[in-house]
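The values are calculated or read from the model by the stated rules, or taken from the named source; none is laboratory data. Just so we're clear, the structure is a prediction, and the values are computed from it rather than from any experiment. Don't worry about glycine lacking a Cβ; one is built from the backbone with ideal geometry, like all the others, and counts go over all protein chains shown.
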Amino acid sequence: MLDGPFNSYYNSGKKKAEGKFENNQRKGTWTLWDTSGNMTMQRNYTAPFQYDEVFPKKSTSKENKSYLKYTYRSDSGYYIGFIKLNSKIILYNSKLYKLLNKKDNNILFFNKLLINNIVQLAIEGIIRLYDPSYELFHVQYNINQFNERIDTNNYNIISFKIIEELMFDTIRKIMQPVVIGICPVGCNKKTNEIEDLYWVYYPELINSFSKINLRYQTLPSYIKTLNDLFYYNYYAGEIYKEQNVYDRKISDYKKGAEVEEEANSIEARKIEWEHYLWLNWKQWPK
């Protein structure tokens, strides 16, 4: 999880960017400089995905404010829904594939919180299970596959895979990671083999997850439900693949300690790429 100061530098040694992360969210003052040491932008993040532009100073239009919150109402009350943005304002999008392990994501594994709720929703027919052997969200399990994979007595859940879609829009001018899929990873109790069990399309989970309250003193005040946890990316994920034309995982071209180094490098490049878009989004090809 991104937590603490962030600093980057040009090859000359001059500072390029400075800011702070807290719980995977930008917080407080973020400043960018050019190669000559001149400040090019400064933002003050007041809440997740929300900021005041300090330099260059610009007024916030009503249109910008209307995009700051994505909230909807269900029959049961208030919840945050899946981001719905007009494709015309999406300047850039790409995907990151992450692994959420048990050690660093206690809330998701405590009392089998995540897997039990996914299984229950599948049994009730609220969500569909997709075969991980095929193209994402294209082939649903047949009844026999469904019954085998949904039975938690057959597997020990050791981790979850998620897919984040990174989207930079020209209204808010931020890069937001949006979870679009979850895949439980289990150890087969008979064979001891590690298997991807199935993919779930996250938007199908939102309404139900928004009704599951979380009461942990360690959580930030803005996280009240299971859906909030995913909306605000409050989890520790290890990048195992970034979207690429060859569909290669990091482990396909890096080995040993280089795998973690490459994952960290991808994370840093993602942050710097967002900084580039802050400054150059108007020049980006439509």
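Has the range 134-153 got at least one residue that is free of Cβ contacts under 8 Å to residues at least 12 places away in the same chain and of a type in the set (V, I, T)? Yes, that holds for at least one residue. The condition of being among the β-branched types (V, I, T), loosely packed, with under 15 Cβ neighbours inside 10 Å and either modelled with pLDDT under 95 or in the same structural domain as F168 (by TED's automatic domain parsing) (or both) holds for only one of T46, T71, T35, that being T71.
Residues in the range 9-28 that are surrounded by 15 or more Cβ atoms within 10 Å (Cβ to Cβ) and part of a strand (DSSP E or B): K16, A17, E18, G19, K20, F21, E22, Q25, R26, K27. Among residues of the range 173-195 that are without any contact (Cβ under 8 Å) to a residue 12 or more places away in the chain, those with a Cβ under 9 angstrom from a residue that is hydrophobic (A, V, I, L, M, F, W, C) and surrounded by fewer than 20 Cβ atoms within 10 Å (Cβ to Cβ), sequence gap 6+ or separate chain, pair up as E193/C187.
Return the total of residues in the range 165-197 being farther than 23 Å from W284 by Cα, among the aliphatic types (A, V, I, L, M) and part of a strand (DSSP E or B). Quick ask: steps written out before the conclusion?
From the range 165-197, those farther than 23 Å from W284 by Cα are 179-197; that's our starting set.
In the following step, the residues that additionally are among the aliphatic types (A, V, I, L, M) were identified as 179-180, 182, 185, 194, 197.
Pick out the ones that are also part of a strand (DSSP E or B) and you get 179-180, 182, 185, 194.
The number of residues fulfilling the criteria is 5.
Kindly evaluate E148 against the criterion of being modelled with pLDDT of 95 or more, acidic (D, E) and not in a loop (DSSP other than H, G, I, E, B). Spelling it out, it is not the case that E148 is modelled with pLDDT of 95 or more, acidic (D, E) and not in a loop (DSSP other than H, G, I, E, B). For the range 246-284, which residues satisfy the criterion of being modelled with pLDDT of 95 or more, more than 22 Å from Q25 (Cα to Cα) and hydrophobic (A, V, I, L, M, F, W, C)? Listed by number, the residues that qualify are I250, A257, V259. Only one entry of I115, I157, I162, I126 meets the criterion of being on the phi < 0 side of the Ramachandran plot and in a loop (DSSP other than H, G, I, E, B), and that entry is I126. For residues in the range 247-286 being over 22 Å from the mean Cα position of the chain (by Cα) and outside any helix (DSSP H, G or I), which is surrounded by the most Cβ atoms within 10 Å (Cβ to Cβ)? Ranking the qualifying residues of the range 247-286, first place goes to K254.
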